[in-house]
Amino acid sequence: MDELTPAAISNFLSEVGSQIMTPARLMILGGSALALLGSPRPTLDLDYLGDDLRKDDLQIIIEQLAVTHRMVVDAVPLDHYIPLPENVQIRHIFYQRYGLLDVYIVDPYVIALSKIDRGFDTDIDDIVFLVRRHLVDLDQLAENLEAALTQAVTYDLDPRQARLHLDLVRRRISL
């Protein structure tokens, strides 16, 4: 499995767009979204919002083309893992249209919340990237995190760890 460059992701999305027959919207998240936003960190897969159990026509095309391209693609039902912040729909970032396919980057706050929850070293670096690119305001992220943590039990979030991860982001930004 090779690293996915923004060019490789774009080429793949272009092919997906040429295969679909009706207008569709694809929401990219994770490392691929960050790569499309300019992050230098390599990514190995293409994550997108989707039902990981019941595939729609777009997902079937994505999965078929992923085999041809020898890519790993993952449908992520993100709302099963973290509570989505208010006004999430207005913060998605339109990336590009490929044929009938409109590609968006998922709300950067949602990406940051998912990475705070997991808290790997690379996740912390990704959040720092989003803050330094002015795509996420640290104070707003802290508010979103506290709101999410009110539902910690429902989503199996660890408030102590999440707050420690946010503190780590703050320390790295101040370096």
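Quick check on Ile61: is it assigned to a helix (DSSP H, G or I), of a type in the set (Val, Ile, Thr), touching a helix residue (DSSP H, G or I) at 6+ places or on another chain (Cβ under 6 Å) and surrounded by 21 or more Cβ atoms within 10 Å (Cβ to Cβ)? When the stated conditions are applied, Ile61 does not pass them. Among the residues of the stretch 26-71, those identified as under 11 Å from the mean Cα position of the chain (by Cα) and without any contact (Cβ under 8 Å) to a residue 40 or more places away in the chain are Ser32, Ala35, Asp47, Tyr48. Any residue at all in the stretch 91-109 that is modelled with pLDDT of 95 or more and assigned to a helix (DSSP H, G or I)? Checking the stretch 91-109: at least one residue is modelled with pLDDT of 95 or more and assigned to a helix (DSSP H, G or I).
Can we say Asp79 is acidic (Asp, Glu), out of contact with any Lys or Arg (no Cβ under 6 Å at 6 or more places or on another chain) and surrounded by fewer than 21 Cβ atoms within 10 Å (Cβ to Cβ)? Steps first, answer last, please.
Values: acidic (Asp, Glu): yes; out of contact with any Lys or Arg (no Cβ under 6 Å at 6 or more places or on another chain): yes; surrounded by fewer than 21 Cβ atoms within 10 Å (Cβ to Cβ): yes.
In short, yes.
The residues of the stretch 4-49 that are at positive phi and buried (at least 18 other Cβ atoms within 10 Å of the Cβ) amount to a single one, Gly30. Taking every residue in the stretch 156-171 that is outside any helix (DSSP H, G or I) and pairing it with any residue that is surrounded by 21 or more Cβ atoms within 10 Å (Cβ to Cβ) and of a type in the set (A, V, I, L, M), at least 6 positions away or on another chain, yields no pair with a Cβ-Cβ distance below 6 Å.
The values are calculated or read from the model by the stated rules, or taken from the named source; none is laboratory data. Note that the structure is predicted; figures quoted are calculated from it, not measured. With ideal geometry, Cβ positions are generated from the backbone for all residues, glycine too; neighbour counts draw on all protein chains shown.
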